[in-house]
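Here the structure comes first, spelled out in structure tokens, and everything after it is commentary.
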Amino acid sequence: MSLSEIQPRRTAHTLFVDFVGYSRLSADSQAAVQVALQNLVYNLPAFIAARNDGQLMVRKTGDGMAIVFFQDVEFPLAAAVALDEVLKHQATSLRDQVGANFRLRMGVHSGPVVIVDEDGDGIMDVAGEGINTAQRVMDCGDQGHILVSGPVFNLVEEKPHWKSLLHDLGIVRVKHDELVHLYSLHGIRPDGTTIGYEALPRKVYESRERAREQAEQEAARTQEENRSTVTGYALRAALLLGALVLLGSLLFMVWRHSTLDSKEVQHVADVIRKNKEEKERKNQPPTPEPKPIVVATPTPGPASTSPETSAMVEADVPSIVGLPRADAEKALAAVKLTLALSEKSPEVQNPTVAPGTVLSQFPIPGKQFVRGGTVYVSLAVGGQVAPTPAPAGEQSAFTGVLVDARSFPQLANSASIGLFGPNDVALYTSSGATNDELQAVQAVGINPLRITAQQAGAQGVGLAAEDVEKLRTLPDSVRAKTVVLRP
């Protein structure tokens, strides 16, 4: 079905993308951001598939864009994940291209939209609640966040591969006092790649604090109303009892007056008068004694910082990959961060580095992170030692070397050694690798790059020993993880 056949109003799944800090860039950098963002989005697999089927519309917003999908709700989720992976792998080249860090935040929402011809020129545009709410969902996030609305979660909660990555943030009050149920899309995929940003968004934190304060005020108001109600009931009961006592006294006096002589009547009247005077005297409040007025001179003290203000101060996450654990903890402590082991992979066997060396970290270096937060790491432990390479000029007895090249992205140019990936598991499986070799491949970490004998210029099944030595002696490869596979 083409867009010209779509009804004016229908449900769509919108991915809203925004460049953080766009207004602070120069005009040239803003133009470069628009071009780079368009190239990234237009080359996403989900975007290409939806565009070929005629089930997609794009609305540019200057500092971002809204991509409206008219097919399955998984299309915008897949596009957001793919865009997040591209940004993490091309951060350096994108920064060089636009002259600033390429920082995005994204929001996904499913809702009704309307296809309209606003200018009357025959060019169709898309608008409606679905796009407006998607933008408000995105506005709740910070750099690196992928936020998802409640309607999107309801559509994918039965799909385990999405449900495990969606984390409930609760109901948040957004623009125009609209309440939106938010979920954060982040975590580690089965292949080891990280998605999104797990830190609590600043606006979600502020919304929770406002809700807590309102709840405390409402509880205090209710308690005061209950106290006032009880006091009112007690006062009414006391007045009623007093009236009954007075009425009884009057009736008794009338009855006694009819049976007493004049002296007895006078005696009763005197007793009643004295009792009344005694009650009035007791009910009068005591006269307070005058208290001396003391004028206290205020003593100046140090300025204080509210917990809410200090808790939200952010710091750049330092790079601690390749450092011993003690040095990594010192580097994090310098910016008020703490270190903890990753729950899924706290320790990784790696014989090429000293035990206790940090192999990976999350959040990644350069991220803005709340002070007092925790950086999760994986540490190296001892493993099977790789065989010693053959002398220079000879073939060594292994099929290749797998290298985690995140710490030295320019290795291919500086070492003249071919690097490619991340399809290493599929390649070694098709070539008949053993289970032990496959486990070694998976132990390398996130997106390993593969160096083969053919790419290194050698013949046959071995890798030239001089290329191995060249790789291991490079200054940038000190922090690299390598796994050597036997034939």
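Please find, among V126, V98, V116, the residue that is modelled with pLDDT under 90 and within 15 Å of L37 (Cβ to Cβ).
From the options V126, V98, V116, the qualifying one is V98.
Looking at G170, G144 in this structure, which one is assigned by TED's automatic domain parsing to the domain that holds A80, among the small types (G, A, S) and not in a loop (DSSP other than H, G, I, E, B)?
Being assigned by TED's automatic domain parsing to the domain that holds A80, among the small types (G, A, S) and not in a loop (DSSP other than H, G, I, E, B) holds for just one of G170, G144, which is G170.
When you go through (1) touching a residue at least 24 places away in the same chain (Cβ under 8 Å); (2) in contact with a strand residue (DSSP E or B) (Cβ under 8 Å, 6 or more places away or on another chain); (3) not aromatic (F, W, Y) one by one for L25, which number turns out not to apply?
Result: L25 passes all but (2).
With respect to G356, is the statement that it is more than 23 Å from the chain's Cα centre (by Cα) and modelled with pLDDT of 85 or more true? Spell out how you get there, then give the answer.
Working: more than 23 Å from the chain's Cα centre (by Cα): yes; modelled with pLDDT of 85 or more: yes.
Spelling it out, G356 is indeed more than 23 Å from the chain's Cα centre (by Cα) and modelled with pLDDT of 85 or more.
So D53 fits all but one of (1) crowded, with 17+ Cβ neighbours inside 10 Å; (2) under 30 Å from D117 (Cβ atoms); what number is the exception?
For D53, the exception is condition (1).
Quick test for you: out of S319, S360, S378, pick the one residue that is in contact with a Pro (Cβ under 8 Å, 6 or more places away or on another chain), crowded, with 18+ Cβ neighbours inside 10 Å, polar (S, T, N, Q) and in contact (Cβ under 8 Å) with a residue 24 or more places away in the chain.
Details: S319 fails: crowded, with 18+ Cβ neighbours inside 10 Å; S360 fails: in contact with a Pro (Cβ under 8 Å, 6 or more places away or on another chain).
Of S319, S360, S378, the one residue that is in contact with a Pro (Cβ under 8 Å, 6 or more places away or on another chain), crowded, with 18+ Cβ neighbours inside 10 Å, polar (S, T, N, Q) and in contact (Cβ under 8 Å) with a residue 24 or more places away in the chain is S378.
Write out, first by first residue and then by second, each pair whose Cβ atoms fall under 7 Å of each other, whose residues are 6+ apart or on separate chains, and whose first residue, in the stretch 84-97, is closer than 14 Å to V20 by Cβ while the second is buried (at least 16 other Cβ atoms within 10 Å of the Cβ) and among the small types (G, A, S).
D84/G196; L94/A36
Grab the strands (runs of 3 or more DSSP E) fully contained in the stretch 1-109, keeping just those with 3 or more residues being touching a Pro at 6+ places or on another chain (Cβ under 9 Å), under 26 Å from I123 (Cβ atoms) and not β-branched (V, I, T).
Details: elements: 9-19, 56-60, 64-69.
Strands (runs of 3 or more DSSP E) meeting the threshold: 9-19.
Of L77, L56, which residue is in contact with a His (Cβ under 9 Å, 6 or more places away or on another chain) and closer than 22 Å to G128 by Cβ?
On the way: L56 fails: in contact with a His (Cβ under 9 Å, 6 or more places away or on another chain).
The unique qualifying residue is L77.
The values are calculated or read from the model by the stated rules, or taken from the named source; none is laboratory data. What you see is a predicted model; the values in this text were computed from it and never measured. Here the Cβ is made from the backbone with ideal geometry for all residues, glycine too, and neighbour counts use every protein chain on show.
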